[in-house]
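Working notes for the structure below.
Only the coordinates and a few stated rules stand behind these numbers; no lab work does. None of these values were measured; they are calculated from a predicted model. Here the Cβ is made from the backbone with ideal geometry for all residues, glycine too, and neighbour counts use every protein chain on show.
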Amino acid sequence: MANRRRILIVGASRGLGLGLAKEYLARGWDVVATARNETGEAALAVLAGETSGTLSVERLDISRPDQVAALHARLADGRLDVLFVNAGIAGDPDEPVEAVATDEFQRVMTTNALAPLRLVASFWTLVKDKGTIAVMSSDMASISGNHGGGWEVYRASKAALNQLMRSFTTRHAADGRTYLLMSPGWVRTDMGGGDAPLDVATSVRGIADTIAQREGSGGLHFVNCLNKPIRW
């Protein structure tokens, strides 16, 4: 249908990414969802035919530039209302930065900061002129909000992500698109643990509502799933 809306969700095979795919399908959107491997593809495949939206599944490791380029080529003939980059890893939350192996530091930084911005830079022209580009950030990216410590490399990677998005959007200041650094809140996922106050369905519903409420506003916004600004 000509009026159907389309979203690309990068990193959609489990947790919040899978929840986002379910939420947008339930809202009647056409969803392009990526997974890194066959297990992830199988998790997404069970959604097909269960909702009013349509789902297509693509294989993508966000850290592989060749795979990013190949996906761009496959999707280049279409346009996106929303691009949502969800891919990310946590690392060891209890390990202080001075104890982290260099290759592990590089892995977390590449996956959480460098790779998402490379993907945004590659795909942003596929997003409609008044469309939205959202990247999954975290409350822990807030430097002014860091009072408890812990999660040192993860915090640093998400703060780097925010800073790189700020630089990207500054270079595209005349762009009519809306850019969101999105915190999902503390959610009961593999990373968030069982004590988190939010379930996945509540978080992703808030994320989708926030994207809808911010649509067309332009510029860069660091917000949570209740559409509340977060201090940088």
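Worth pointing out:
- Of all residues in region 29-49, those that are closer than 19 Å to PHE123 by Cα have Cβ atoms under 6 Å from Cβ atoms of residues that are of a type in the set (Phe, Trp, Tyr) and in a helix (DSSP H, G or I), 6 or more apart or on another chain, in VAL31/TYR24.
- Of all the residues in region 120-145, those that are farther than 16 Å from GLY91 by Cβ and free of Cβ contacts under 8 Å to residues at least 24 places away in the same chain number 1.
- Among the conditions (1) part of a helix (DSSP H, G or I); (2) within 24 Å of ALA21 (Cβ to Cβ), the only one that LYS128 does not satisfy is (1).
- Looking across region 105-121, the residues that are within 15 Å of LEU60 (Cβ to Cβ) and crowded, with 21+ Cβ neighbours inside 10 Å come down to ALA115, PRO116, LEU119, VAL120.
- Wholly enclosed helices (runs of 4 or more DSSP H) of region 1-102 bearing at least 2 residues among the acidic types (Asp, Glu) and surrounded by fewer than 23 Cβ atoms within 10 Å (Cβ to Cβ): 38-45
- Some residue of region 169-178 being of a type outside the set (D, E, K, R) and assigned to a strand (DSSP E or B): yes
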